[in-house]
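The values are calculated or read from the model by the stated rules, or taken from the named source; none is laboratory data. Because the structure is a prediction, the values reported are computed rather than measured. Note that we place each Cβ from the backbone using ideal geometry, even for glycine, and neighbour counts take in every protein chain shown.
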Amino acid sequence: MKILSIATFALYAASSVSAFTPANIKTSTPSTTTQLYKTKAPVFDEVCDTTGVTLKRFMSEVAMLNPEISELTTLFGGIETACKALTNLVKRSQLPSSETLGYQGEVNVQGEDQKKLDVISNDVLKRALRFTGKLGVLASEEEDTPVDIMPENAKKSEIVIDEGERYVAVFDPLDGSSNVDAGIPTGTIIGIYEHDENCVVDENCIGDECTEQEAQCLANTLQPGTNLVAAAYCLYSSSTFLVLTLGSGTYGFTLDENIGEFVLSHPKIQIPETSKIMSFNEANTHLWDAPLQEVVTGWKTGTGKSGETFSSRYIGSMVGDVHRTLLYGGVFGYPADTKNTSGKLRLLYEGAPMSFIMEQAGGLSTTGTARVMEIQPEIVHQRVPIVMGSKNDVQEVIDAYAAV
């Protein structure tokens, strides 16, 4: 096990940073056919498509059919436990006796005021993932850099590389937390990558001799979405949902509080190819790129390619908006604008995992000029513009950018 100072990692990350705007993202038109990923898609059987099957049984069946990913069973056991704990925290947060609402009094690496629930949620997830014994390094929205998950190191200015574990986790512990005081739906987003087996640090190196080796190992968190082996989100709303993909379809589970288990409620989710719903912050329309303005205007007036007049549904919580979009069809977008030229959503632990889930449900996800899944992160908290949802409608956005 090796320890790397935050300063060392910051130097390494800074050396690879370049301007990142929609104009200089490599153009890539997403295919409407099945996407190719680094890892082989797992095989499922009829048990995995049976409504009412618990998440534990579902993952056990997947592990039996696909021994190479059997360790994901333990990892999702930790994720399941964390989501149960977080849904209880969110539900109780409105009670007078709860002390989880309001601000922590600190600012995270994004420059945002941290809510108390942000910090608590981050700690809950780190502990749950730590006890799976399957993770070496993780990256979170609430952490300055990738961090060790051992509690004795959690508050130190160090990062520990554990070479013995298979997976790397990235997550947003409480998406939409800015609205939590008003009881608006919130969620957790998680992406799982394989740890690089070539991540080797010489135990005999001293000081700066092993800096580059350590930095390269930490770069395990900086992987494109095409390297994801799994992604999931939990939605805390009228019910608690856990939606996941292992690279072979998108599956939705609902928490049955009577038995304390997530049960399969939405097997093989398929988003409609065409829709009549859009989810954007339309107050910023005048700040968007001209191609997107043109497409959205067409949707509003019924003069777009589908000929449908769209209605608007916008919560302002990515997990809530994407969940509705998956089930009903539509387009969710947080595009770039003149104020935020690189967008607002984070590529590594929001954009890529949610794009993986969306694509596995038959949808598309784009920046307008590039497939989100193919973008190589350069820094942990890199931002990216996103438009995702129903295939035909997102393709209309891609075509509009291509025409320009």
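Residue check: is GLU396 in a helix (DSSP H, G or I), in contact (Cβ under 8 Å) with a residue 40 or more places away in the chain and surrounded by fewer than 24 Cβ atoms within 10 Å (Cβ to Cβ)?
The answer is yes for GLU396.
Consider only pairs whose beta carbons are under 6 Å apart and that are at least six residues apart or on different chains; among these, list those whose first residue lies in the stretch 64-87 and is without any contact (Cβ under 8 Å) to a residue 60 or more places away in the chain and whose second residue is crowded, with 17+ Cβ neighbours inside 10 Å and in a helix (DSSP H, G or I).
SER70/ALA63; THR73/MET59; THR73/ALA63; GLY78/ALA128; GLY78/LEU129; THR81/ALA128; ALA85/VAL124
Might you let me know whether the stretch 326-341 holds any residue that is surrounded by fewer than 16 Cβ atoms within 10 Å (Cβ to Cβ) and over 25 Å from PHE356 (Cα atoms)?
Yes.
Looking at (1) in contact with a Leu (Cβ under 8 Å, 6 or more places away or on another chain); (2) closer than 18 Å to VAL243 by Cβ, which one does ASP337 not meet, given that it meets all the others?
Only one criterion in (1) in contact with a Leu (Cβ under 8 Å, 6 or more places away or on another chain); (2) closer than 18 Å to VAL243 by Cβ is unmet by ASP337, namely (2).
Can you tell which of GLY389, GLY362 is surrounded by 24 or more Cβ atoms within 10 Å (Cβ to Cβ) and among the small types (Gly, Ala, Ser)?
So the residue among GLY389, GLY362 that is surrounded by 24 or more Cβ atoms within 10 Å (Cβ to Cβ) and among the small types (Gly, Ala, Ser) is GLY389.
Report whether or not VAL380 is under 13 Å from the mean Cα position of the chain (by Cα), part of a loop (DSSP other than H, G, I, E, B) and farther than 20 Å from LEU287 by Cα.
Yes; evaluated as a whole, the condition is true for this residue.
Could you please find all residues in the stretch 297-339 being of a type in the set (Asp, Glu) and either in a loop (DSSP other than H, G, I, E, B) or at pLDDT below 95 (or both)?
The answer is GLU308, ASP337.
I need a count of the residues in the stretch 75-109 that are surrounded by fewer than 16 Cβ atoms within 10 Å (Cβ to Cβ), part of a helix (DSSP H, G or I) and either among the charged types (D, E, K, R) or at pLDDT below 90 (or both).
2
Is there a residue in the stretch 307-330 that is among the hydroxyl-bearing types (Ser, Thr, Tyr) and closer than 18 Å to ASP399 by Cα?
The answer is no; no qualifying residue exists.
Of all residues in the stretch 264-278, how many are over 19 Å from TYR401 (Cβ atoms), out of contact with any Leu (no Cβ under 9 Å at 6 or more places or on another chain) and not in a loop (DSSP other than H, G, I, E, B)?
Going through the stretch 264-278 one residue at a time, the tally reaches 2.
Any residue at all in the stretch 9-26 that is within 22 Å of THR366 (Cβ to Cβ), part of a loop (DSSP other than H, G, I, E, B), of a type in the set (Lys, Arg) and at pLDDT 50 or above?
no
Identify the single condition in (1) over 15 Å from the mean Cα position of the chain (by Cα); (2) free of Cβ contacts under 8 Å to residues at least 60 places away in the same chain that TYR334 does not satisfy, given that it satisfies every other one.
(1)
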